[in-house]
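Chemist: To start, I am sharing the structure in question, which I have written as structure tokens.
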Amino acid sequence: MWSLAASVDRAIAVAHGRAADPAPGRRAHPATLRGAAAASEPAARRSPHQVAHPTADPVPALHEFRRSLRSARAVLRLARGLLLTEAFESLATALGQAVRPTSPQRDRDVLPGVLAALGAPAQAEVARRAVADLLAEDAPVDAQRLCALLREGAAQLLDVPPRFLAALPERVEWIDVERGLRRSYRRTQRSWRRARRGHDDAQLHALRRRVKELRDQLGLLAIDPSDRIGRSQRRLASLARALGEVTDLLALRAFIVTRRERLSPPAAETLLAYLEREITRRRARALATAGRLLRRPSRVASSRWIDAIVP
């Protein structure tokens, strides 16, 4: 079962430089929300100090660690209505504290590719090359430090699966899954409405997180890419990528702005103006797509997904 326990176990495994079990290609049962005690025990028994051979290239492990914790957070959010507030907030804090220190390295790893894919005008080429040099200066990875960062994150996760299991009720039914999906869908709709009202970068980041969360929750239930749930998951994945392109451009813009004094002013302004146009264009397109995907009332959307599973 691709449960919270399995997701956390995977994060701990990659943080320790070990191969992790792939997600199984089967549809989850409501009991998935209870986790799998057998899956959580191996993670809970591992010590972050038992790392004989840290991975030679920790950057792929960093991205897999973040993906695994994102899956765990999606399961936790799906189960929100079944947990006491204190238990939910404690578990959410533990997952957030494990992943948050990895965010700066994630940006350092992806921004050179974002800049390389940017088709800036010729008059901004000087600034573009200068930004590429600045990114190269900022990008080197201290493998030992990153391995230590991942192990520290893993150490914070050891008791998360058993705590999650203990916080859940004895029985979890399909109606609980439907209610969880309904809440996530509503949260995504609210994020979309807030993001389209203005140009607040934080709101766009929040929308992307909500879309990825809903996509991952549907991934627990999808068994066939062509069925109703699989199609919805695929469309949400496409939307998440489109929003990710915008948020990556926002991160690149912030990087340039904070180092503007090290760039040729005219070329830097030309590059920033081009970035603004690209952000505006891609943002509008992604928000329009989100509006189409989130047009149904939350009760209708969640019941359609569950009806596709439960006769």
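The values are calculated or read from the model by the stated rules, or taken from the named source; none is laboratory data. Only a predicted model underlies this, so the values are computations on that prediction, with no experimental measurement involved. Cβ: placed from backbone, ideal geometry, glycine included. Neighbour counts: every protein chain shown. Quick note on the areas: whole protein, heavy atoms, side chains included, nothing else; ligands and nucleic acids left out. Shrake-Rupley method; radii C 1.70, N 1.55, O 1.52, S 1.80 Å.
Chemist: Which FRET efficiency, nearest 0.05, do residue 144 and residue 264 yield, Cβ-Cβ r, R0 45 Å?
Modeler: Result of the calculation: an efficiency of 0.80.
Chemist: Given 0.36 nm per residue, what is the gain on full extension from residue 159 to residue 183 after removing their alpha carbon distance, in nm?
Modeler: Taking residue 159 through residue 183 to full extension adds about 6.0 nm, to one decimal.
Chemist: Compute the distance in nm between two label points, each set 7 Å from the Cα along the Cα-to-Cβ direction, one at residue 194 and one at residue 90.
Modeler: Each label point lies 7 Å from its Cα, and together they span 2.7 nm.
Chemist: Then there is this: Need one value: the accessible area of residue 264 in square angstrom, 1.4 angstrom probe, rounded to the nearest 10.
Modeler: Result for residue 264: roughly 60 Å² accessible.
Chemist: Please state the relative contact order of the stretch 183-310 as a whole percent: Cα pairs under 8 Å, 6+ residues apart?
Modeler: 30 percent
Chemist: Oh, and also: When a/c reaches 1.5 or more, the comparison of a/b and b/c decides; with that in mind, is the stretch 111-188 rounded, prolate or oblate per its Cα gyration tensor?
Modeler: Since a/c reaches 1.5 but b/c is at least a/b, the shape of the stretch 111-188 is classed as oblate.
Chemist: Also: Sort 305, 192, 174 from largest to smallest accessible area, using a 1.4 Å probe on the heavy atoms of the protein chains.
Modeler: Result of the area sort, largest leading: 174, 192, 305.
Chemist: Round to the nearest 0.05 the FRET efficiency obtained for residue 299 and residue 170 when R0 = 30 Å and r is the Cβ-Cβ distance.
Modeler: That gives a FRET efficiency of 0.65.
Chemist: Okay, moving on. With the cut-off at 1.5 for a/c, could you classify the stretch 234-311 from its C-alpha gyration tensor as rounded, prolate or oblate?
Modeler: The shape class here is prolate.
Chemist: Label-point separation (nm) for residue 57 and residue 117, each offset 7 Å from Cα along Cα-to-Cβ?
Modeler: Rounded to a tenth, the inter-label distance reads 1.8 nm.
Chemist: For the stretch 84-221, what class follows from the C-alpha gyration tensor (a ≥ b ≥ c being the square roots of its eigenvalues): rounded when a/c is under 1.5, otherwise prolate if a/b is larger than b/c, else oblate?
Modeler: Oblate.
Chemist: While we're here: I need the calculated FRET efficiency for the pair residue 307 and residue 106, taking r as the beta carbon distance and R₀ as 45 Å, to the nearest 0.05.
Modeler: Efficiency for this residue pair is about 0.75.
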